[in-house]
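Novice: Handing you this structure, nothing more for now.
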Amino acid sequence: MDASPTIVYRYKSGLYVNLTNRCPTACVFCVKNSWKMDYRGSNLNLAGTEPSPAEIIALARKEWTAAPFEEFVFCGYGEPTMRLEALLATARLIKHGKAAPIPPSMRVRLNTNGLANAVWGRNVVPEMKGLIDSVHVSLNTSDPAQWAELMRPMAPWAATGFEKVKEFIREASLLLPEAYATAVEGNGVDIGNFKTLAEKLGAEPRVRPRLDEEEAG
Ligand code: SF4
């Protein structure tokens, strides 16, 4: 594993941004501990130093010049919305044409556990309008008790978290171009009920294997 922290890394056709290691949940399926903060050869342990939007864009420009990518993804290890301002500022640089040669038409995706409204105490989805093209929200289940078991939220968000995640998905499906609700296979989840809830919230359900790219976020 590379010893220096990785801020941007490639996966498939995307460029992934490691914005923070902070997270309001400790999901049972998170691989950050078992993989020792390594993600397919990249060291995602930021060791307390979180990158600035300018730093991220400088690195992304270098990557683009080496080989263009199709998608710019806020992922992890960590919950990107813990740094909401930095997330939005970085997306703004791209969408406002200040990250050339990366085009403003670049698709910007957020992988999230959906707790941003709970963490920030307001509906933050309108702030993402025009900046985030796609959100993938780790909803995982239709059952509040199972959500708490799988996501293991920190105390301040344990009681109301599930409702807040549902609210976030509902808002995202109304205001943003694309909203997915995701679940991880093999957690004893009733996939039929999960899909029904995702669709009721206006999102497209997506069931993913236990070890794939979104587990980094
Ligand atoms: S999977 Fe993502 S949201 Fe869950 S604990 Fe790990 S970093 Fe946090």
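Novice: Whose amide H sits under 5 Å from the amide H of residue 79, counting only residues 5 or more places off or on another chain, with H placed in the peptide plane?
Specialist: When sequence neighbours closer than 5 places are left aside, the close amide H contacts are 22, 23.
Novice: At a threshold of 8 angstrom on Cα-Cα distance, excluding pairs fewer than six apart, so keeping six or more, what relative contact order does region 15-144 reach in percent?
Specialist: The normalised contact order for region 15-144 reaches 27 percent.
Novice: While we're on this one: Pick from 130, 78, 48: which residue has the top mean-square fluctuation in a GNM of the chain where Cα pairs under 10 Å get a spring?
Specialist: Answer for the Gaussian network model of the chain: 48.
Novice: Please figure out what share of the DSSP beta bridges in region 25-168 is antiparallel and state it in percent, rounded to the nearest 5.
Specialist: The antiparallel proportion sits near 25 percent.
Novice: Show the residues, 5+ positions off or on another chain, whose built amide H is closer than 5 Å to the amide H of residue 39.
Specialist: Under 5 Å from the amide H of residue 39: 44.
Novice: What lysines sit close enough to residue 62 to cross-link, taking a C-alpha to C-alpha distance under 21 Å and skipping anything fewer than 8 places away on the same chain?
Specialist: Candidates past the 8-residue exclusion: 12, 95, 98.
Novice: If I model a spin label as a point 7 Å beyond the Cα along the Cα-Cβ vector, how far apart are those points for residue 62 and residue 85 in nm?
Specialist: 2.6 nm
Novice: If you keep only loop residues by DSSP, which GluC sites (Glu not before Pro) in region 1-81 have at most 13 other Cβ atoms within 10 Å of their Cβ?
Specialist: Here the sparse-neighbourhood loop sites are 70.
Novice: Fewest first, what order do 147, 120 take by the number of other Cβ atoms within 10 Å?
Specialist: 120, 147
Novice: A follow-up question, please. Ranked by Cβ crowding within 10 angstrom, fewest neighbours first, how are 13, 134, 142 ordered?
Specialist: Listed from fewest to most nearby Cβ atoms, that is 13, 134, 142.
Novice: Let me ask something else. One-quarter of the Cα convex hull surface for region 8-216, in nm²?
Specialist: With every direction weighted equally, the projected area is 10.6 nm².
Novice: No other cysteine beta carbon under 4.7 Å away is the test; run it over the chain and list who passes.
Specialist: 23, 75
Novice: Here is a further query. Using the Karplus equation 6.51 cos²θ - 1.76 cosθ + 1.60 (θ = phi - 60°), what ³J(HN,Hα) coupling, rounded to whole Hz, does each residue of region 127-136 give in order, writing x for Gly and Pro?
Specialist: My calculation for region 127-136 gives 5, 8, 4, x, 10, 10, 8, 8, 10, 10 Hz in order.
Novice: Could you give the alpha-carbon Rg of region 29-92 over 2.2 N^0.38 Å, rounded to two decimals?
Specialist: Relative to the 2.2 N^0.38 Å estimate, region 29-92 comes out at 1.21.
Novice: Determine the relative contact order of the chain: mean sequence separation of Cα pairs under 8 Å and six or more apart, normalised by residue count, in whole percent.
Specialist: Computed over the chain, the figure is 22 percent.
Novice: Taking H as built 1.01 Å from N, whose amide H comes closer than 5 Å to the amide H of residue 204, not counting residues under 5 places away?
Specialist: 179, 180, 181
Novice: Let me ask something else. Taking the Cβ of each residue in 28, 184 as the centre, tally the other Cβ atoms inside 10 Å and list the residues starting with the fewest.
Specialist: Lowest to highest Cβ neighbour count: 28, 184.
Read-outs: derived from the displayed coordinates by stated rules, not from any lab. Computed from a predicted structure; not experimentally measured. Positions of Cβ are generated from backbone atoms using ideal geometry, with glycine treated the same way; all protein chains shown enter the neighbour counts.
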